[in-house]
Amino acid sequence: DTGVSQDPRHKITKRGQNVTFRCDPISEHNRLYWYRQTLGQGPEFLTYFQNEAQLEKSRLLSDRFSAERPKGSFSTLEIQRTEQGDSAMYLCASSWEDQRRGYTFGSGTRLTVV
Amino acid sequence: AQSVAQPEDQVNVAEGNPLTVKCTYSVSGNPYLFWYVQYPNRGLQFLLKYITGDNLVKGSYGFEAEFNKSQTSFHLKKPSALVSDSALYFCAVRDRDTNAGKSTFGDGTTLTVKP
């Protein structure tokens, strides 16, 4: 297994456009997480899935954000009508349910909204 | 609610000296605690975890951490620092009793080991 893959690595978009990111987790892991990280801050929780079910979504997340994990495999995170404040590194991670080895993180997608 | 505090933005140590990176946590139930490391231009990597049992846990690259329930702390330690240990370190907590899936991270501590 090659670990957690995220695509694209970088995305520059104009304010108001929609963007979609993809995450391919480690295949044996049944949990998948999305976090957001800005400079000088730790990762901030967005949402997570167990298999295909979205079990929790951060209250900080506006309705412009949506995530899916069809068939419990890869996941997508979509941001509609992007704003400059959405500029951040978006991290995907996967784990076993008991987090016996913690999270395995991908390298992230860096979003810049101009 | 759960939270993590890493009181030091920066820790500087000389190579060969012991290092400590501090972490305190708050959680409603019993904690799962984790340390992750982020090297420049690389993703976050799992270092070690505490779930239950022995308060001293050992992890990757010679790191260890001590769980102290009364002080709600989980400090990261290493007896002899290497220059290659220079990186950004994050502590994280998860509430074990609620089986909540998410971990909450601190804001990180930059460790610099000087030759």
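The values are calculated or read from the model by the stated rules, or taken from the named source; none is laboratory data. Being a predicted model, the structure only gives us computed values, none of them experimental. Counting neighbours? That spans all protein chains shown, and the Cβs are built from the backbone with ideal geometry, glycine included. Areas reflect the complete protein model, heavy atoms only, side chains present, ligands, DNA and RNA absent. Shrake-Rupley method; radii C 1.70, N 1.55, O 1.52, S 1.80 Å.
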Of the GluC sites (Glu not before Pro) in region A:12-58, those whose Cβ has at most 11 other Cβ within 10 Å and which sit in DSSP loop: A:Glu28
Kindly rank A:59-72, B:10-23, A:86-99 from highest to lowest mean number of other beta carbons found within 10 Å of each residue. A:86-99, B:10-23, A:59-72
Counting only protein heavy atoms and leaving out ligands, DNA and RNA, the solvent-accessible surface of A:His10 at a 1.4 Å probe, in Å² to the nearest 10, equals 130 Å²
Between A:Leu60 and B:Glu64, Cβ-based FRET efficiency (R0 30 Å, step 0.05) works out to 0.35
Relative to the compact-globule estimate 2.2 N^0.38 Å (N residues), the Cα gyration radius of region B:1-86 stands at a ratio of 1.10
Once both labels are modelled 7 Å past Cα along the beta-carbon direction, what's the B:Asp97-B:Ser84 spacing in nm? 4.2 nm
Assuming R0 = 30 Å, what is the FRET efficiency of A:Asn51 and B:Ile51, from their Cβ-Cβ distance, to the nearest 0.05? 0.85
Calculate the tail of P(r) for the protein assembly as shown: the fraction of all Cα-Cα distances greater than 33 Å, expressed in %. 16 percent
Could you give me D for region A:60-114, from Stokes-Einstein at 37 °C and 0.692 mPa s, where the hydrodynamic radius is the Kirkwood radius over C-alpha pairs? Units µm² s⁻¹, please. 252 µm²/s
Links that overshoot a 30 Å alpha carbon limit, given the list A:Lys14/B:Lys49; A:Lys14/A:Lys57; B:Lys22/B:Lys114; A:Lys11/A:Lys71; A:Lys14/B:Lys22; A:Lys71/B:Lys58: A:Lys14/B:Lys49; A:Lys14/B:Lys22; A:Lys71/B:Lys58
Cα convex hull of chain A - mean projected area over all directions, nm²: 6.8 nm²
Where labels lie 7 Å past Cα in the beta-carbon direction, separation of B:Glu15 and B:Thr110 in nm: 2.1 nm
Once you put a point 7 Å from the Cα of A:Glu68 and another 7 Å from the Cα of A:His10, both along the Cβ direction, what distance in nm separates them? 2.9 nm
